[in-house]
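The structure appears right after this line, and notes come after that.
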Amino acid sequence: MKKSMIAAGLLAAGTTSAFAADYTDGELRKNDYSFMQANLMYAVDELPGGSSHDYLELEFGGRAGIIDYYGYADVFNITGSDSSDKYEEEKIFIKFAPRISLDGLFQTDLSAGPLQELYIATLFNWSGNSGVNNSFWGLGSDINIPWLGKTGLNVYGLYDLNERDWNGYQVSANWFKPFHFFENGSFLSYQGYIDYQFGMEDKYAETSNGGAMFNGLYWHTDNFSLGYGLKAYNNIYGIEDSSDFKSSGFAHYFSATYKF
C-alpha cells in the first residue's frame, strides 16, 4: 500500500496515530502536519427543513505545536441558480475548531489507558447576520477506541453570539477508520461524527436536546476521494420535529474531493 495515500486520509480526519502524543522532551513541533482539500458536495433532504442543494466546501486542518485545528468554509448554490432552495439565503457557513493541547502546554504526559491527549477545546460557527453564530468552550480529548482507533471527543458549553447568552452544552465525537486497502494503494474508510446538544434553554429552543450523527463511506487515493454520507437527525438545534417543519429524519450527502 502507498503510505502517502493512507497519510492523506488520516490527516484529513485530523488523526495520525493510535499512540499518545509525548511532549515531555520539549519538542513541540515534532507532530506538525497540515492538509487542505476542496469538496464538491450535494445534499439531499438536509434538515431542518428538508433542503436539497449543491455547495463547495474548502476543508483544512492539522497540527502546529500545541495547537490542533480543523475547519471548513461552505459556499452554497455555487452556480447562483434561482431554482435552488438556497437562493437568496445565507451563502457562506464557516466552522473553525482550534484545540490547545494541555500535554503540550505543560510538556507533560496526561495519557492514561485509552486517553491519549487532553485539550482546551473551542468551536466557532459563523453564517452571517441572520444565521447561526455561536461559540463553544470546553474540554477535549483524543481517545483510542477498539477498531475505530483515535477518536476526538469534546464536551463544550455553548455561547450564542446572536443572543449574547449561554445556551446548554454539546458533546462531539469524530473518527476516521480505513478498513479496506486495494492493491493500487487506494482504500475505503468509515468516517463521521456525532454532535449532541443538551440542556438548551426554553427561551432559545423548542426542546432541551437534539443532535445529529454522520456516517460516511469514502474511497481515497493520493489526490482524490469519492464519498457518500448518511446523516441521522433528532430535533436538530433544539427544533421540535413536526409535520410543518421537519427536524428529525435522514439526509444523504454525496461528495467528490480534490486534495491539495
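For the reader, a short list of remarks on this structure follows.
- Charged-residue dipole, Cβ positions (Lys, Arg, Asp, Glu), segment 3-259 about Cα centre, Debye nearest 20: 740
- Taking every DSSP helix (H) stretch of at least 4 residues in the chain, weighting each as -39,500 (n - 2.57) and dividing the sum by the residue count yields a mean residue ellipticity at 222 nm of -1500 deg cm²/dmol.
- Percent of Cα-Cα distances greater than 32 Å, calculated over segment 3-259: 23
- A simple spin-label model places pseudo-atoms 7 Å from Cα toward Cβ; at F181 and D32 they are separated by 2.8 nm.
- Taking a Cβ cut-off of under 13 Å around D25, the surrounding Lys, Arg, Asp and Glu residues balance to a net charge of -2, with basic ones at +1 and acidic ones at -1.
- Counting Lys and Arg as +1 and Asp and Glu as -1 over every other residue whose Cβ lies under 13 Å from the Cβ of S135, the net charge comes to -1.
- Near D165: Cβ cut-off under 10 Å, other residues only, Lys/Arg at +1 and Asp/Glu at -1. The net charge is -1.
No lab work stands behind these numbers, since they all come straight from the coordinates. If you're wondering where the values come from, they're calculated on a predicted model, not measured in any experiment. Because the Cβ atoms are built from the backbone with ideal geometry, glycine has one as well, and the counts that use them run over all protein chains shown.
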